[in-house]
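Working notes for the structure below.
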Amino acid sequence: MIGPQHAAPAAESSAGGAHFAFTDRWGGVSAVPYEELNLGGAVGDDPAAVSTNRARAAGALGLDPARVVWMNQVHGRDVAVVEGPWGDASEIPAVDAVVTARRGVPLAVLTADCTPVLLADPVAGVIAAAHAGRPGLVAGVVPAAVEAMTALGAEPSRITAHTGPAVCGRCYEVPERMRAEVAEVVPASWSETSWGTPAVDVTAGVHAQLEALGVGDRHSSPYCTLESGDHFSYRRDRTTGRLAGYVWLD
Ligand SMILES: [Zn+2]
């Protein structure tokens, strides 16, 4: 959300009754270094500010903030199938993907450099949100989410996929050995920084995994979180906020 006067998310799109949105860092009430629209509850920000920000973001999308399903993300590949919002914070499981076949249950993923992945098969009425950093890419959290969607009646050929703002393959520098280890599992993730050193392109890896599963309708955010002053970047700022990706069905 660019500025509080704009009651709209930074990027939103729709496909056959499925909706996808990614926030940026503006339009919230959090103080430095979480300014402004931090949606992450576990990064040291004032919980009241996060709650206000979540209400603002949901309201701008026409969603009830109390219905939004969040995750306790741990860089794994476990998936939770949900039928409604969690009762309270202690019920939120340690998973990196959530899937639902219920309408009126928006799913959300938090990131600051990792790749947020939103998936929807509007025909089957099945959606998923996933958190794919480097470990999640290697572990296969996105294929696990697609598998869980398929078990609920989705078909990969009908799935629309959106990846959100994330650190790009020309910025995400890693040691040579780490690049090799990731590329051994997902060759498309092999990358090089703009200054010529080894790098990993998580988003490219996620798209390759989706392509291999038959998910052809794929879209990617143009923003690199590390390069963009409008997005949170853990690599750039260390102590910072989290942006959110939301997916829901009419
Ligand atoms: Zn970049």
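The values are calculated or read from the model by the stated rules, or taken from the named source; none is laboratory data. Keep in mind that what you see is a predicted model, and the values were worked out from it rather than measured. Neighbour counts are summed over all protein chains in view; Cβ atoms, including those assigned to glycine, are modelled from backbone coordinates with ideal geometry. The protein model used for the area step is the full one, side chains on, heavy atoms only, and it has no ligands, DNA or RNA in it. Shrake-Rupley method; radii C 1.70, N 1.55, O 1.52, S 1.80 Å.
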Scanning the stretch 152-168 residue by residue, the ones that are closer than 18 Å to ALA132 by Cβ and surrounded by fewer than 22 Cβ atoms within 10 Å (Cβ to Cβ) total 1
By residue number, the members of the stretch 203-220 that are touching a Ser or Thr at 6+ places or on another chain (Cβ under 7 Å) and either at positive phi or open to solvent by less than 10 Å² (accessible area, probe 1.4 Å) (or both) are GLY205, VAL206, GLY214
Residue hits (the stretch 153-178; more than 16 Å from the ligand (Cβ to nearest atom) and among the basic types (Lys, Arg)) are ARG158, ARG177
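Would you confirm, using the coordinates I've provided, whether MET149 is open to solvent by 40 Å² or more (accessible area, probe 1.4 Å) and either assigned to a helix (DSSP H, G or I) or within 18 Å of ALA97 (Cβ to Cβ) (or both)?
On the way: open to solvent by 40 Å² or more (accessible area, probe 1.4 Å): no; either assigned to a helix (DSSP H, G or I) or within 18 Å of ALA97 (Cβ to Cβ) (or both): yes.
Against the criterion (open to solvent by 40 Å² or more (accessible area, probe 1.4 Å) and either assigned to a helix (DSSP H, G or I) or within 18 Å of ALA97 (Cβ to Cβ) (or both)), MET149 does not qualify.
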Selection over the stretch 82-116 where residues are of a type in the set (Asp, Glu) and surrounded by fewer than 18 Cβ atoms within 10 Å (Cβ to Cβ) yields a count of 3
inquiry  = Can you confirm whether VAL79 is out of contact with any helix residue (DSSP H, G or I) (no Cβ under 7 Å at 6 or more places or on another chain) and crowded, with 16+ Cβ neighbours inside 10 Å?
reply    = no
Of (1) farther than 25 Å from LEU152 by Cβ; (2) touching a strand residue (DSSP E or B) at 6+ places or on another chain (Cβ under 6 Å); (3) not aromatic (Phe, Trp, Tyr), GLY41 satisfies every one except (2)
- prompt: Taking the stated definitions as given, is GLY44 open to solvent by less than 60 Å² (accessible area, probe 1.4 Å) and touching a residue at least 12 places away in the same chain (Cβ under 8 Å)?
  reply: no
Q: Answer with yes or no whether ASP230 is open to solvent by 20 Å² or more (accessible area, probe 1.4 Å) and either among the β-branched types (Val, Ile, Thr) or within 16 Å of the ligand (Cβ to nearest atom) (or both).
A: yes
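Return the residues of the stretch 208-227 that are small (Gly, Ala, Ser) and more than 16 Å from the ligand (Cβ to nearest atom); say none if nothing qualifies.
Step one: list which residues in the stretch 208-227 are small (Gly, Ala, Ser), which gives 208, 212, 214, 216, 220-221.
Of everything in the stretch 208-227, those that are small (Gly, Ala, Ser) and more than 16 Å from the ligand (Cβ to nearest atom) turn out to be ALA208, ALA212, GLY214, GLY216.
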